[in-house]
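Any read-out appearing in this document is the output of simple, stated calculations on the displayed coordinates, not a laboratory observation. On a predicted model such as this, the values are computed, not experimentally measured, just so you know. Cβ placement follows ideal geometry from the backbone for every residue including glycine, while neighbour counts extend to all protein chains displayed.
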Amino acid sequence: MHQKIHFISGLPRSGSTLLSAILRQNPRIHAGMTSPVGPVFNACLTAMGAENEFSVFFKEEQKRDILHGVFDGFYRHVEATGLVFDTNRMWTSRAAAVRKLFPDSKMICCVRNPAWVMDSVERLIRKNAFDVSRIFTNAQERSTVYTRADALLNPHRMIGFAWSALKEAYYSEDSDMLLLVDYDLLASRPAEVMPLIYKFIGEEPFDHDFDDVEYEAEDFDSQLLAKGLHRVRGKVELRQRQTVLPPDLFKRFQDLVFWQDARGTRAHRIVVTQDAPQDAPRDAPQGDPDRAGP
């Protein structure tokens, strides 16, 4: 690739589209919603794996070149002159492969209290009350907020997979390539958070306009029957609200937060402090992304 590449991953409904919308204001950077590179990458790995009777013909170097070719073929046609961010929640599950392919790349992982992730999905479902969203596969999953929560927490589904993959990467030997960015901090203090992100990736800061950030993927959201899933418009700000989740369900999701504890990881973090209230974190960005912990 003629461009440098970094990655955006982490939890759904946690600011990856917002972060991409901000980054793409910089003319040197290409960023957007979830790209198709991840699924093609996985398909190539599967095709070269043990399930294929011809897998014995693939040497390590050939596999590496083919996987490199996926990125090169897709991003060769992108106009950004310097830097590409590829977004996909699966990248945290492929941290070891990513590091072997792109040793200098970084992975920005957007995080958020999972209770508010579920709250955000639930609000989207209720907003589009006359649409039968493809986020769920059958009527039983769609029937109540509890069945919807169970479906989303499945290890192979929207929240469950992303959470498991992030936790794996967070405690892995490649965790030092990760920077976890809390949504509440990005939304409430973007002018402080963005320079820390630029510092982490080794790039000069850019003078972003946080009063006019815009991005939309209307066609993609419409085919999911989830209008507004990837829509960012206007001023970057944190809007406090009351949750629509029942209290027991909110607590169930809230207990899934693990990234406030820096023990056992070398991941870098821009997160709220461990003793901050989990239902409405409002803390300032913590410390320097060149080191783990607050």
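In table form, for the structure just shown:
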item: P(r), alpha carbons of region 4-270 - 10 Å bins starting at zero, rounded %; result: 6, 28, 35, 23, 7, 0
item: Computed lengthening from residue 43 to residue 261, 0.36 nm per intervening residue step minus Cα-Cα distance; result: 75.0 nm
item: Assigned charges on the beta-carbon of Lys, Arg, Asp, Glu; the chain dipole about Cα centre (debye); result: 500
item: Computed Kirkwood radius, in angstrom, where 1/r is averaged over Cα pairs of region 1-158; result: 17.7
item: Residues with amide H under 5 Å from that of residue 8, placed H, sequence gap 5 or more; result: 86, 87, 88, 108
item: Distance between modelled label sites at residue 150 and residue 207, nm, 7 Å Cα→Cβ extension; result: 5.5
item: Whole-number D in µm²/s for region 1-78 (Stokes-Einstein; Kirkwood sum over Cα pairs; 37 °C, 0.692 mPa s); result: 227
item: Extension reserve of the residue 199-residue 173 stretch, reckoned as 0.36 nm per residue once the Cα distance is removed; result: 7.2 nm
item: Per-peptide average of other Cβ atoms within 10 Å, ordering 260-272, 137-149 highest first; result: 260-272, 137-149
item: Proximal lysines to residue 167, defined as alpha-carbon separation beneath 25 angstrom and excluding residues fewer than eight positions away on the same chain; result: 100, 106, 199, 251
item: FRET efficiency, 1/(1 + (r/R0)^6) with R0 51 Å, evaluated for residue 164 and residue 235 via beta carbons; result: 0.90
item: Contour minus Cα-Cα distance for residue 104 and residue 77 (0.36 nm per residue); result: 7.5 nm
item: Separation in nanometres of the label points that stand 7 Å from Cα toward Cβ, at residue 123 and residue 59; result: 5.5
